[in-house]
Amino acid sequence: MGSISRKKRKADRMIGLLIDGPNILRKEFDINLEDIKKILEDMGDIRIGKVLLNQFAPHGLIEAIANQGFDAIVVTGDIDVRMGVEAMEIIYNENINTVAIATRDADFVPILAKAKEHGKETIVIGAEPGFSIALQNTSDFVIKMGKIPPEAVEEESEELRIEGEELEDSY
């Protein structure tokens, strides 16, 4: 006997997602498409999901993207212009109310500004180093992905420990 599985749907946020493959899908960031998908599905319903790649993308990566349910778009040369075109299509799509862009590149600040001008919520997904501050400040939501440097974990743990001590002293 078969079974039917239903995805949890959030009707309030319909997301159009574009991923800057050469900028985000790098070994040093250890970013998994599945992780991006899970985070955004918690925020709403991904209606459009496209990953833009350059002509040097290995066939295995293209296959993995398709297996995750995304459309792989292979572009000859720099992907910025094509990503801008795809973003404008999402902005003018009446069925999408949230534009999500995974990139670290400040070149896409005008796209986020245009999306907001048209009443769309914006989400930017990126990783350090090189995650544009302008991009983060322009977006409604910022999602930082990738590996956390060991020094950041130690600093965070220290802050949590100090806050914990302060809480104990205040009671």
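FYI, it's all coordinate maths here, none of it is from the lab. Model, not experiment: these values are computed from the prediction. Don't worry about glycine lacking a Cβ; one is built from the backbone with ideal geometry, like all the others, and counts go over all protein chains shown.
Odds and ends about this structure:
- Residue that is farthest from Ile90 (Cα to Cα), among those in the range 46-65 that are touching an Asp or Glu at 6+ places or on another chain (Cβ under 9 Å) and not polar (S, T, N, Q): Ile65
- Scanning the range 69-84 for residues that are within 18 Å of the chain's Cα centre (by Cα) and loosely packed, with under 15 Cβ neighbours inside 10 Å turns up Gly69, Asp71.
- Residue in the range 83-98 that is without any contact (Cβ under 8 Å) to a residue 12 or more places away in the chain, under 24 Å from Lys114 (Cβ atoms) and aliphatic (A, V, I, L, M) present: yes
- Hits in the range 30-43 - residues which are in contact (Cβ under 8 Å) with a residue 12 or more places away in the chain and within 13 Å of the chain's Cα centre (by Cα): Ile31, Leu33, Glu34, Asp35, Ile36, Lys37, Ile39, Leu40, Glu41, Met43
- Count of residues meeting criterion [crowded, with 24+ Cβ neighbours inside 10 Å, without any contact (Cβ under 8 Å) to a residue 40 or more places away in the chain and within 23 Å of Asn32 (Cα to Cα)] in the range 113-133: 1
- Qualifying residues in the range 65-82 (those that are in a helix (DSSP H, G or I) and touching a residue at least 12 places away in the same chain (Cβ under 8 Å)) - the one nearest to Val51 (Cα to Cα): Ile65
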